[in-house]
Amino acid sequence: MELFNPHTDPSALRARLSQDAGCRVVCYCAAWCRTCDAYRPALETLADSMPQWTFIWVDVEDSPDWLGDEDIENFPTILVQDREGTRFWGVQLPYVEHLRRLLEGAGDLPVLDAGPGSLDTLARG
């Protein structure tokens, strides 16, 4: 599965969001962050292994509107949403297996009043 980018291909991302099952994960990073550079290939591999999820890579400098009113202090910052709302919003160590376990149990997490807002809304701009 593709790692979608709202800056480089917003139309492909909007199309995917309109057709997916509502399971979405966003990795907020920055182009200058070497940790993010190292993490990205593992995230792409995870996206390939979990096609039921929509994986989105957001460079906070290229797509600041994808942060809503939130600020990012550390990278990578992860957002996990499903149709009910945000299940996780925060910094996560850059170990893809930690993210895999988080996603596998995401439906058991409570819905949070946190994060930048609905991805459907953010995608519309």
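Bear in mind that the values in this text are calculations on the coordinates, not laboratory data. These figures come from a predicted structure and were not determined experimentally. Counting neighbours? That spans all protein chains shown, and the Cβs are built from the backbone with ideal geometry, glycine included.
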Cysteines in the chain lacking a second Cys C-beta under 4.7 Å: Cys23, Cys27
Potential extension, Arg83-Ala42 segment - 0.36 nm per residue separation minus Cα distance: 12.2 nm
Gain on full stretching of the segment that runs from Ala114 to Asp69 - 0.36 nm per residue minus C-alpha separation: 15.2 nm
The range 3-124: C-alpha gyration tensor shape, a/c 1.5 cut-off, then a/b vs b/c: rounded
Ranked list, fewest to most other Cβ atoms within 10 Å of each Cβ, for Ile72, Ile56: Ile72, Ile56
Ascending count of other beta-carbon atoms within 10 Å, so fewest first, for Leu99, Leu67: Leu67, Leu99
Given the chain, longest segment not containing exposed loop chymotrypsin sites (Phe, Trp or Tyr not before Pro) (DSSP; at most 15 other Cβ within 10 Å): 33-94
Mean separation of Cα contacts under 8 Å (6+ apart) over length of the chain, as relative contact order %: 30
Environment charge of Asp20, counting only residues whose C-beta is closer than 14 Å and scoring Lys/Arg +1, Asp/Glu -1: +1
Least to most buried among Ser63, Ser118, Ser11 (fewest other Cβ within 10 Å first): Ser11, Ser118, Ser63
Neighbour net charge for Arg83 - beta-carbon separation under 13 angstrom, K R +1, D E -1: -2
Neighbourhood net charge (12 Å Cβ-Cβ; Lys/Arg +1, Asp/Glu -1) for Gly125: 0
Gyration tensor (alpha-carbon) shape descriptor, the range 37-83, a/c threshold 1.5: oblate
Antiparallel %, DSSP beta bridges [both residues in the chain], to 5: 60
Shape category assigned to the range 1-52 from the gyration tensor of Cα positions, a/c cut at 1.5: oblate
